[in-house]
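Structure first, commentary second.
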Amino acid sequence: MKACDRKKKKHGKDTAVQGTNDSSVVSKVSAAAQGYFLDDFLQSFVCKVSRRAPLINRGYYVRWKAVDHCVKQFLRVTEDCPRRQVLSLGAGFDSLYFRLHAEGALERVVVFEVDFPDVARRKAALINGSDHLKDSLKDWSPSPSPPTGPVTISSDQYRLLGVDVRAEGAVEEALSRAGLQWSAPTLLLSEVVLTYVDAQRSDAVIGWAARLFPQSLFVMYEQIRPDDPFGRVMQDHFLKLNSTLNAISHYPNTAAQRQRFLDRGWERCTCLDMNQFYLDLVPEKERCRVENLEPFDEFEEWHQKCSHYFILTASKGSLTSQALVSPLSESSVPCMLPALDQRTLRATPMQDGPEGPGLEGLGMASAVLGPGAILLSGGSGRGGRGGGATLLVRGPAGWSCVCMEPQTGVRMYHTVTDVPGWGVLVFGGRTSPLNPIGSILRMTYDLSSLPDPSVPVGPALEWLSVKELACTGNAPLPRWRHTATRLRYRGQNFLFVFGGRTEAEPALGDGHFLCVEDQRWTAVPVEGATPAARHSHSACSHDGGVVIFGGLGGGGAPLGDAVWLRPTETGFCWARLQVHPAPVPRYSHSAHVIGHKLVVVGGVWLQAEGVPGIAVIDLTTGGSVEYSLNTASVPWPLMLHSFCSEPLDEEGTAIAVMGGGGNCFSFGTHLNPRPVTVDLRPAL
């Protein structure tokens, strides 16, 4: 490649990286406008305020909170020092100086900001054009002509420098000229900056800082975990923006990032992913405040976003004993190693499997109607929330998809439960996090007249009908993310509804019995300690009762318990199952009882590396083992949350996984495009 071509390519990448600053500040403004944090200065750096989705607002809140936590801790531990410094590398349009100045927190503090010359000049122009910002710089007299050197703003407590952070010599010279005192206690900040630099150069910056600042703390916020499905979508997003994440492949997890700093001269280092930071270091009262700001139901995407970012603090010299972030002795998300079997379970796209709008989505519900017939209902796809039903039919030529017109109503995170000889019960769900659905539907079908998938379906479908039920008795609160399981009691079919959430309650722990034949909510005696409130758990019929596993608890952490609602002479009794080794807690999974084993499929966990595959719990002995999924034959990132799964045969030797995926933070929406089958025989 010619030198001029290399220079042009480098300039293009630098411009793309600068563009990430512009989109980032818009998102920060959105979060501040919705009350996630207080910052009246950010709006001065954007042309137009745009409201982002609640997921993005939360994501930028936890980033802001982590950095703010570290800055305030640094100012606290150095409050007796005669001079303190903050050096922000790749500062972009950050408003840190102005916010701290307004809070009166900059006594004996000088803030230095370094970024590309173009970014620094743009920021200086915005400051010069805003009386609100200039009021924080009383001693600044801007030059009438463009600056000839790297310093674009110089005031008593604020210096803005336009210099490439990769040019160590130029940065060192510019900082010295700007008055930085290398021996003074210094906080270095790097928010998603060094990852855009090739690993060798970013390592050099980390080593340079350790060498030149004898009393210092380094704070970094960046991405990790590139190889799981979310990580692949994240990397592809930045690749399309021409802003490749370089460091993530060299330092893919928190342990590697910590060692990276220790190997380059830092004496102590702590690194937490953002789930650990949020659940352990953000006070419960503050979490409750944030979680009540906007309607929210993207827990899977939220936890995955947090598991793919970290906050790191490294220290040197007299500040080494000060840890700006450190987990509690009893963490809400303690690290767990799954008891992995050496064998893997193979996932493959469904043979001759269909793809299309009826099979791509999240929050759907499913039921097996008979051999080779799987019903899918509702959910949300690229075209919005759907209200129809889809039938997967296995014929001589393979699987086919038929979309049906009878409407079950627009709903997601509901349940459909087949009652043989009676029909299918559709219960609960929501249209939005503010609108749970209280109606109950009965779908009846005739398997003897299943539609031919090769023939277009007309407006009238004689084999399937939908009717709303008027049930008597004390109905439960409308809810979603619950479970509804069929069981027998006193010779009748009952639907047992457990858990879920409402627009007001983050997690429910109540259980309700609906007599199917009488269409009446009935009080049934239940003894024993009720399990913890939860949603997004699994529930399976077993030995006359119901086995419940996992879910997301009211405190925001996944659960890993298994409980059995077992039948008694008078009713039922809750019994906790002793499982060993303890499974890694998870939620948004599915589960099936196959023989005497509980097979738990996919989900989201916070305590372990990677993503859940399949856990198998022996309901007789209590033994458990985890299996990784071999997805080499699946050409897309397979996301196993907010999906459905059903056995493909009576023996349960294989299952179909349908739907799943979600909004990957600001990186775009990824939905599994077609069903996948998993061979369970090695696990059974």
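The values are calculated or read from the model by the stated rules, or taken from the named source; none is laboratory data. Note that the coordinates shown come from a computational prediction; the quantities given were computed from them, not determined experimentally. Cβ placement follows ideal geometry from the backbone for every residue including glycine, while neighbour counts extend to all protein chains displayed. These accessible areas exclude ligands, DNA and RNA; they are computed on the full protein's heavy atoms, side chains included. Shrake-Rupley method; radii C 1.70, N 1.55, O 1.52, S 1.80 Å.
Working from label points 7 Å from Cα in the Cα-to-Cβ sense, the Lys467 to Arg490 distance is 2.5 nm. For the chain, the antiparallel share of DSSP beta bridges with both residues in that region comes to about 80%. Cys47 contributes an accessible area of around 150 Å² to the protein surface, as traced by a 1.4 Å probe with all chains present. Couplings 3J(HN,Hα) for the stretch 646-660, derived from phi with the Karplus relation 6.51 cos²θ - 1.76 cosθ + 1.60 (θ = phi - 60°), are 8, x, 9, 8, 5, 7, x, 6, 8, 10, 9, 10, 10, x, x Hz, where x marks Gly and Pro.
Give me the 1.4 Å probe accessible area per residue for the chain, excluding ligands and nucleic acids, in Å².
Ligands and nucleic acids excluded, the result is 40 Å² per residue.
Taking only protein heavy atoms and a 1.4 Å probe, the accessible area of the stretch 471-543 is 46% carbon and sulfur. Taking the stretch 44-81 and a reference point 7 angstrom along Cα→Cβ of Glu286, the backbone N atoms nearer than 13 Å belong to 61-74.
Taking every Cα-Cα distance in the chain and sorting them into 10 Å bins from zero, the calculated P(r) comes out as 3, 14, 23, 22, 16, 12, 7, 3, 0, 0 percent.
For the pair Asp341 and Asp236, a Förster radius of 25 Å applied to the C-beta separation gives a FRET efficiency near 0.20, rounded to the nearest 0.05.
Spin-label model, Ala204 to Glu267: label points 7 Å out along the Cα-to-beta-carbon direction sit 2.7 nm apart.
How high is the FRET efficiency between Leu577 and Arg681 when r is their beta carbon distance and R₀ equals 35 Å, given to the nearest 0.05?
Values: r = 25 Å, r/R0 = 0.70.
Here the calculated transfer efficiency is 0.90.
By the rule of a C-alpha distance below 20 Å, with chain neighbours fewer than 8 residues away ignored, the aspartates and glutamates paired with Lys467 are Glu405, Asp418, Asp446, Glu517, Asp518.
Counting each DSSP H run of 4 or more residues in the chain as -39500 (n - 2.57), what helix-only mean residue ellipticity at 222 nm follows after dividing by all residues, to the nearest 500 deg cm²/dmol? Spell out each step's value before the answer.
Values: 13 runs with 152 residues, N = 684.
Mean residue ellipticity, 222 nm, calculated: -7000 deg cm²/dmol.
Taking 7 Å steps out from each Cα toward its Cβ at Asp227 and Val524 produces label points 4.6 nm apart. With R₀ fixed at 35 Å, the C-beta to C-beta distance from Glu172 to Asp40 puts the FRET efficiency at about 0.55. Which of the three applies to the stretch 544-684, rounded, prolate or oblate, going by the alpha-carbon gyration tensor with a ≥ b ≥ c and a/c under 1.5 meaning rounded? Prolate, because a/c is 1.5 or more and a/b exceeds b/c. Computed from phi, the 3J(HN,Hα) profile of the stretch 70-83 under the Karplus parametrisation 6.51, -1.76, 1.60 (θ = phi - 60°) reads 5, 5, 5, 5, 4, 5, 5, 6, 10, 5, 8, 7, x, 8 Hz, with x in place of Gly and Pro.
A simple rule links phi to the HN-Hα coupling: the Karplus curve 6.51 cos²θ - 1.76 cosθ + 1.60 with θ = phi - 60°, which for the stretch 219-235 gives 10, 10, 10, 7, 9, 9, 6, x, 9, 7, x, 4, x, 5, 5, 4, 5 Hz, with x for Gly and Pro.
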